[in-house]
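Asks: Encoded as structure tokens, here's the structure I'll be asking about.
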Protein chains: 4
Amino acid sequence: MNVAMIGGGFMGKAHAMAYAAMPMFFWPAPAIPVRKVVVDVTEAAADDARDRFGFEVSSSDWKSVIERDDVDVVDIVTPNDSHAEIAIAAAKAGKHIICEKPLARTGEEARPMLDAVREAGVIHMVAFNYRRTPAVALARKFIDEGRIGDIVNFRGTYLQDWSADPDSPLSWRFQKKVAGSGAIGDIGTHVLDFARYLAGEITGVHAVNRTLIPDRPVASGHLDKLGTGGGGAGGERGTVDVDDETITLLRFASGATGSLEASRNAYGRNNYLTFEVHGTKGSLVFNYERRDELQVMFADDPADARGFRTIYTGAAHPYGEGLWPIPALGIGYGETKIVECYDFFKAIVENTQPSPNFEDGYRISQIADAMIRSGENGSWVET
Amino acid sequence: MNVAMIGGGFMGKAHAMAYAAMPMFFWPAPAIPVRKVVVDVTEAAADDARDRFGFEVSSSDWKSVIERDDVDVVDIVTPNDSHAEIAIAAAKAGKHIICEKPLARTGEEARPMLDAVREAGVIHMVAFNYRRTPAVALARKFIDEGRIGDIVNFRGTYLQDWSADPDSPLSWRFQKKVAGSGAIGDIGTHVLDFARYLAGEITGVHAVNRTLIPDRPVASGHLDKLGTGGGGAGGERGTVDVDDETITLLRFASGATGSLEASRNAYGRNNYLTFEVHGTKGSLVFNYERRDELQVMFADDPADARGFRTIYTGAAHPYGEGLWPIPALGIGYGETKIVECYDFFKAIVENTQPSPNFEDGYRISQIADAMIRSGENGSWVET
Amino acid sequence: MNVAMIGGGFMGKAHAMAYAAMPMFFWPAPAIPVRKVVVDVTEAAADDARDRFGFEVSSSDWKSVIERDDVDVVDIVTPNDSHAEIAIAAAKAGKHIICEKPLARTGEEARPMLDAVREAGVIHMVAFNYRRTPAVALARKFIDEGRIGDIVNFRGTYLQDWSADPDSPLSWRFQKKVAGSGAIGDIGTHVLDFARYLAGEITGVHAVNRTLIPDRPVASGHLDKLGTGGGGAGGERGTVDVDDETITLLRFASGATGSLEASRNAYGRNNYLTFEVHGTKGSLVFNYERRDELQVMFADDPADARGFRTIYTGAAHPYGEGLWPIPALGIGYGETKIVECYDFFKAIVENTQPSPNFEDGYRISQIADAMIRSGENGSWVET
Amino acid sequence: MNVAMIGGGFMGKAHAMAYAAMPMFFWPAPAIPVRKVVVDVTEAAADDARDRFGFEVSSSDWKSVIERDDVDVVDIVTPNDSHAEIAIAAAKAGKHIICEKPLARTGEEARPMLDAVREAGVIHMVAFNYRRTPAVALARKFIDEGRIGDIVNFRGTYLQDWSADPDSPLSWRFQKKVAGSGAIGDIGTHVLDFARYLAGEITGVHAVNRTLIPDRPVASGHLDKLGTGGGGAGGERGTVDVDDETITLLRFASGATGSLEASRNAYGRNNYLTFEVHGTKGSLVFNYERRDELQVMFADDPADARGFRTIYTGAAHPYGEGLWPIPALGIGYGETKIVECYDFFKAIVENTQPSPNFEDGYRISQIADAMIRSGENGSWVET
């Protein structure tokens, strides 16, 4: 099955690796992804991406690539402002689509994307990869089996510190016209995906959003430079018009409540994507920085042996034998993308919609919009 | 200096131990507390408390005890609904007062207590003991010295699980007329004390409060039974009219924002009193369940050696040589009360008001009231 | 029951606190310890200890104190070289004895102490307090109940860093004639106590012992100054003639094997007293630096929920309701001494020998001697 | 550069993924590995490996494959007993060689392998991949820069539990004629690699080795089934003639001492490959189960901020920008193999010997032999 990957940055690397490695991990594989075409903004960049990521051909013209007969799948790993145009075109061309998150800059922008894939009848997926972490899938399994009872409370955080330095560059991630929002869309949406995956639909939000660093050095060169070391101290600075941080109260359809905190300015946190879920029969705790571990407490354990269990996922996870034969050989970011790739191709072959798909992506964009509105209004916003 | 302790329950034990041990830890001591009189509801209970806690005499009549000439200090360790009456009487009798937290059931009730001690000119303290943990005092020192810069965000939690079982007894802690509120007053106020101690005054709150278990077995016998094992399954149940859980957004006078979560129904958490503070130059993390440790991250550490440091407090803490000569000999709940006792008697001898005192207790009660109102209204409430 | 405490240093503080607090924690108490006489090397020091630790009278003459009719219990908290003389005299005077660890500098020195208490028929205890930690007692309970099966392997460590600095003072703890040995006797014996308590008798050792810092500044003033800040850099230095560190292989009577590592020069470790026990049905892990927690893994847990449980001890521990009503209120060093005190007085009242007693102390001194000999010979030594 | 991979099991998967992903991570890559031929024991197995792992052709005849002109590199991922024969043949054919660890079943068997590659002048590497973990490389960097001073003590462990169940199958890993030894060769050698990498050459060992489970169910089918679920309870059992566990004292050329513990029967441990290194100026702690973290303590930190720092590796590691752009995106087992692959091809292109190479592999086999002899003799063995 032939893939056209639009975009050749850090996320392209993760996807390319997944295409190569997926059949090695899942065998027999539902399909063998063939890295057919890679697209980048210039021909030189595209050629470089082709050689680096093992694609057959390269192009700087995504529109013509999407029309190719020998392309079955379009993979969108570009900045957020181009997702909609590419996805809608790909859907019209009848291609199956996997799109990086967030699906779009706003719910309004995401809506026609959802309409387009529905109309075209293609398979669609949005790449909230973290729920593919085996420990997260195990959390979902415990919930589904009723082993922690009804969920009462969900607390999720996503804390990083790569933008805490006021001199880190003004990449597209700090510009509303490209990114749509800041920490909310970039990382907060991953927490929203966890929240919906584990605790169900969200019906209301109340948010406090802040821009902590109002301007940053204008970036030159590489378009998606994270972290420190942008322009010099004396260089030009541009305005940041997105949020650096949000703290949001959540209401769930089930009656549960919760909170979400997302920040890229939390010194000392690197990829601190966590949840703590309290149920009527137990609790679950996860921290992606220690992603091979799920903590679970069962309230009905005997009195002298109650406490959180630290489970190393692997053999126990929902994907058969485990990605590696000994649990703590351990997975990295790459494996979450490999599992995502597997689930996507499996869905194509079985002609079912995977989860999360564009519907989820659209809902998450709507909720993110509501968070922004709530922060502006200082009041609850229904989602 | 002679102490009259009103109340002989679990908290009385903690205070009695502090009176005996304080001079052993702090020598020369500012004063030697003499355990003069202990008061409990019946004479038998009072006699028992006298023998157990090493007091000279016992009484079941707190009013006459407060009038005794040979009493210098009144220590209030009763349920919340009697704090005001006792404290006001003690102030009028010219006694120095240490009162357990929360100061009163509401801000309205706390106000005349503050007025009374001011008018009487006595020394007054409210027993938010957790800020006496050396690791917390060290956090404050780092903040005061500017080592984590300006505080941007404060997140505090206090999670326990002793009331998660629907069959745990309906003690006074679940009755509004005695306790004033539930998790908010009982444990949330400790987080408010941390928040104000570390990040300054709170100016606004937005809360979601819930009662998860609407009725509980009517307790018989022991008045402050925590945890499981109350009445039988078939016994009488009474209504819980206080909150089990709150999640609250915080606004600080400094411009910082934050959140507070308090629950006594969080399975697997025991005394999970935590904070995470992000500053413009670093971060601090504390968890009372591992109370000998403070985690601190300094943003200006060299790039290859940045990360949270886990500091075992002890020699490094603000009280000279440390409570024990090797940091990780480790402190328990008792030592926080011993330090509190020291600070209280030191303040008496030096004729200064300790911190936190009734002013703090009153402010915290006001903020707790605002949390309750906000939960009812679904909107921000200024404090 | 009247106590004469011989010695007024850091350990005297811990014992004095235990005498005051024991009945508060355990009520009704088996007996109320009365702090009758405290002895220190000078009258001034003894007077100071009397006031600080709440004793009735003071003395600088331990011999006459031991003969007093109104003394029931002799508590030996002096440096190691005086344990034997005092204990033998106290036994002859018919007093019950609690002696700090190690019982003596060598097994040879300990033997007549054991003979003396046996002959006198008094109650005797050696103060290996760490096994009184509730989490350690819970570990023993799990082993006794067969819940981790037969023990296969015991690994214990005791790591500190207060003597890692070559300029920390030459206290008595570095002098063979006072201390007998270094890390082996001071802290290694605590691990031996754990090993015997949890895994049974030790039959052979093979050790590597080293003195890492051959000389230290001669201390002036305080006789038991731990840590840094002794003499100046240019001052006189004296020879260290004891070990700084040992790594020892262990053989147990049961057929189990194990290892012991003790060092006071392990930078970053404070009171890192740990064990890891592997059995045929599970494992146990403990670290005193996080002393409220016991980790246990049961091999027969279901495949998807296997992992170490972190149990907060408290209500679950073997001493009834728990020392504090909520597990993670947490204990410190003091509470281990309070439990020790309880067990000692309970044994006196019930006229049984507590554990560990002088027999254990003697055995541990023998094993420590064997560790020293093994290090000298480079071969296994039977114990 | 064309690769012939001999073996198509779990380790083949890891290597195949590394060949595909290495250029994606390191760009420009020193060379692009081409997956040319894969060999397995039967043609069907080899065909399957070819399709799964993306090789061009397959074969069941390793001898002819090694002679192919279009093969530059031979990758040996077979059980231990065939390493020597294949490696010596590959060297004679002038191929560069990467061989899984341990290099051979014994030092005696490894010696001619080392001679052969030296004679042939080819590039050779032995696949002790764990030192490629960025946190381990950072530890080495800190040591090289003198930041923890001279190493005093090295403690390493490698604990797993997949063979703790007496009914786990008798795979080749429990048969001396195939594996050479048990836990010593399988996992203990990884600790030896850490020990030599971080603390230098080992000059003496004293070991206690034990076989805890003397017989196991004869395995049928899959040749390298780890963990539970072999034959039925009533099936045939065969003798285990290798060690399940070792505890070994170590002496280093530098004068440092240390210990090594390896077990595949330690319930609750999964891939607990750890080290703790004490130096004269600080300490290092690593646990592969949390492989993105290195803990380091610097003794010269200010007194109020001393403690272990938990460093998330990534940007700070020795390989330029980091494998992923945010440290805690995190690496898994795969990335250690990708870095290994990079270092191997870089060495080929630069015509230098990588580290660890066959010389290291031979030394480690010698030391492993000495551990076995020491366990038999009960005495120190020089290495």
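The values are calculated or read from the model by the stated rules, or taken from the named source; none is laboratory data. Keep in mind it's a predicted model, so treat the numbers as computed, not measured. Note: ideal-geometry Cβ built from the backbone for every residue, glycine included; neighbour counts use all protein chains shown.
Asks: Determine whether the stretch D:354-375 contains at least one residue that is in a helix (DSSP H, G or I), without any contact (Cβ under 8 Å) to a residue 40 or more places away in the chain and surrounded by fewer than 21 Cβ atoms within 10 Å (Cβ to Cβ).
Replies: Checked against the condition, which is being in a helix (DSSP H, G or I), without any contact (Cβ under 8 Å) to a residue 40 or more places away in the chain and surrounded by fewer than 21 Cβ atoms within 10 Å (Cβ to Cβ), the stretch D:354-375 yields at least one hit.
Asks: For the subset of the stretch D:302-312 comprising residues that are more than 10 Å from chain C (Cβ to nearest Cβ) and not aliphatic (A, V, I, L, M), which member is surrounded by the fewest Cβ atoms within 10 Å (Cβ to Cβ)?
Replies: If we take residues in the stretch D:302-312 being more than 10 Å from chain C (Cβ to nearest Cβ) and not aliphatic (A, V, I, L, M), then D:PRO302 is surrounded by the fewest Cβ atoms within 10 Å (Cβ to Cβ).
Asks: Name the residue that is farthest from the other protein chains (Cβ to nearest Cβ), counting only residues in the stretch D:292-301 that are without any contact (Cβ under 8 Å) to a residue 60 or more places away in the chain and of a type in the set (Asp, Glu).
Replies: Among those residues, the one meeting the criterion is D:ASP300.
Asks: Spot the failing condition for B:ALA16; the list is (1) part of a helix (DSSP H, G or I); (2) within 14 Å of chain C (Cβ to nearest Cβ); (3) more than 19 Å from the chain's Cα centre (by Cα); (4) free of Cβ contacts under 8 Å to residues at least 40 places away in the same chain, and only one is missed.
Replies: Looking at each condition in turn, B:ALA16 falls short on (3).
Asks: For D:PRO28, all conditions in the list (1) within 12 Å of another protein chain (Cβ to nearest Cβ); (2) more than 24 Å from A:MET11 (Cα to Cα) hold save one; what is the number of the exception?
Replies: Exception for D:PRO28: condition (2).
Asks: Looking only at the stretch C:112-156, count how many residues are within 14 Å of chain D (Cβ to nearest Cβ) and under 19 Å from the mean Cα position of the chain (by Cα).
Replies: Number satisfying all stated conditions: 4.
Asks: Now for a different question. Report whether or not C:ALA29 is touching a residue at least 24 places away in the same chain (Cβ under 8 Å), part of a loop (DSSP other than H, G, I, E, B) and within 16 Å of C:PHE344 (Cβ to Cβ).
Replies: Yes: the conditions hold for C:ALA29.
Asks: Moving on. From the list B:VAL117, B:VAL122, B:VAL152, B:VAL136, exactly one residue is in the same structural domain as B:ILE6 (by TED's automatic domain parsing) and either assigned to a loop (DSSP other than H, G, I, E, B) or closer than 30 Å to B:VAL296 by Cα (or both). Which is it?
Replies: Exactly one residue qualifies, and that residue is B:VAL122.
Asks: May I ask you to verify whether B:ALA368 is within 14 Å of chain A (Cβ to nearest Cβ) and of a type in the set (Gly, Ala, Ser)?
Replies: Spelling it out, it is not the case that B:ALA368 is within 14 Å of chain A (Cβ to nearest Cβ) and of a type in the set (Gly, Ala, Ser).
Asks: Identify, by number, the condition in (1) within 30 Å of D:ASP186 (Cα to Cα); (2) within 14 Å of chain B (Cβ to nearest Cβ); (3) more than 24 Å from the chain's Cα centre (by Cα); (4) outside any strand (DSSP E or B) that A:GLU289 doesn't meet.
Replies: (3)
Asks: Same structure again: With (1) touching a residue at least 40 places away in the same chain (Cβ under 8 Å); (2) over 30 Å from D:ALA87 (Cα atoms) as the list, and D:GLY307 as the residue in question, which single condition is left unmet?
Replies: Answer for D:GLY307: the failing condition is (1).
Asks: Here is a list: D:ALA110, D:ALA91, D:ALA87. Which entry is in a helix (DSSP H, G or I), within 19 Å of D:MET11 (Cα to Cα) and in the same structural domain as D:VAL37 (by TED's automatic domain parsing)?
Replies: Just a single option satisfies the conditions, and that option is D:ALA87.
Asks: Identify, please: which residue in the stretch D:102-118 is touching a Ser or Thr at 6+ places or on another chain (Cβ under 6 Å) and surrounded by 24 or more Cβ atoms within 10 Å (Cβ to Cβ) and is, among those, nearest to D:LYS177 (Cα to Cα)?
Replies: Taking the candidates together, the pick is D:ALA104.
Asks: Specify which of the listed residues (C:TYR158, C:TYR197) is buried (at least 24 other Cβ atoms within 10 Å of the Cβ), among the aromatic types (Phe, Trp, Tyr) and within 27 Å of C:SER379 (Cα to Cα).
Replies: Going through C:TYR158, C:TYR197 in turn, just one is buried (at least 24 other Cβ atoms within 10 Å of the Cβ), among the aromatic types (Phe, Trp, Tyr) and within 27 Å of C:SER379 (Cα to Cα): C:TYR158.
Asks: A further question follows. How do the pairs read when you match residues in the stretch D:39-64 that are over 24 Å from A:PHE55 (Cβ atoms) and within 14 Å of another protein chain (Cβ to nearest Cβ) with residues anywhere that are surrounded by fewer than 17 Cβ atoms within 10 Å (Cβ to Cβ) and hydrophobic (A, V, I, L, M, F, W, C), using Cβ under 7 Å and keeping only pairs 6 or more apart or on different chains?
Replies: Correct list of pairs: empty, since none qualify.
Asks: Can you tell me which condition D:LYS177 does not meet? The list is (1) in a strand (DSSP E or B); (2) touching a helix residue (DSSP H, G or I) at 6+ places or on another chain (Cβ under 7 Å); (3) in the same structural domain as D:ARG237 (by TED's automatic domain parsing), and all the others hold.
Replies: Going through (1) in a strand (DSSP E or B); (2) touching a helix residue (DSSP H, G or I) at 6+ places or on another chain (Cβ under 7 Å); (3) in the same structural domain as D:ARG237 (by TED's automatic domain parsing) one by one, D:LYS177 breaks only (1).
Asks: Which of the residues that make up the stretch C:260-283 are within 11 Å of chain D (Cβ to nearest Cβ), assigned to a strand (DSSP E or B) and closer than 30 Å to D:ASP167 by Cβ?
Replies: Matches in the stretch C:260-283: C:GLU276, C:VAL277, C:HIS278, C:GLY279, C:GLY282, C:SER283.
Asks: Going through the stretch B:71-84 one residue at a time, which ones are in a loop (DSSP other than H, G, I, E, B) and not charged (D, E, K, R)?
Replies: B:VAL71, B:VAL77, B:THR78, B:PRO79
Asks: Quick one: C:THR257 ticks every box in (1) facing chain D (nearest Cβ under 9 Å); (2) surrounded by fewer than 21 Cβ atoms within 10 Å (Cβ to Cβ) bar one, so which box is it?
Replies: Among (1) facing chain D (nearest Cβ under 9 Å); (2) surrounded by fewer than 21 Cβ atoms within 10 Å (Cβ to Cβ), the lone unmet condition for C:THR257 is (2).
Asks: Could you check, for the stretch A:21-35, whether at least one of its residues is within 20 Å of the chain's Cα centre (by Cα) and either at negative phi or surrounded by 17 or more Cβ atoms within 10 Å (Cβ to Cβ) (or both)?
Replies: yes
Asks: Looking at this structure, is C:TRP380 at the interface with another protein chain (Cβ under 9 Å from one of its Cβ atoms), of a type outside the set (Val, Ile, Thr) and farther than 30 Å from B:ASP292 by Cα?
Replies: Yes.
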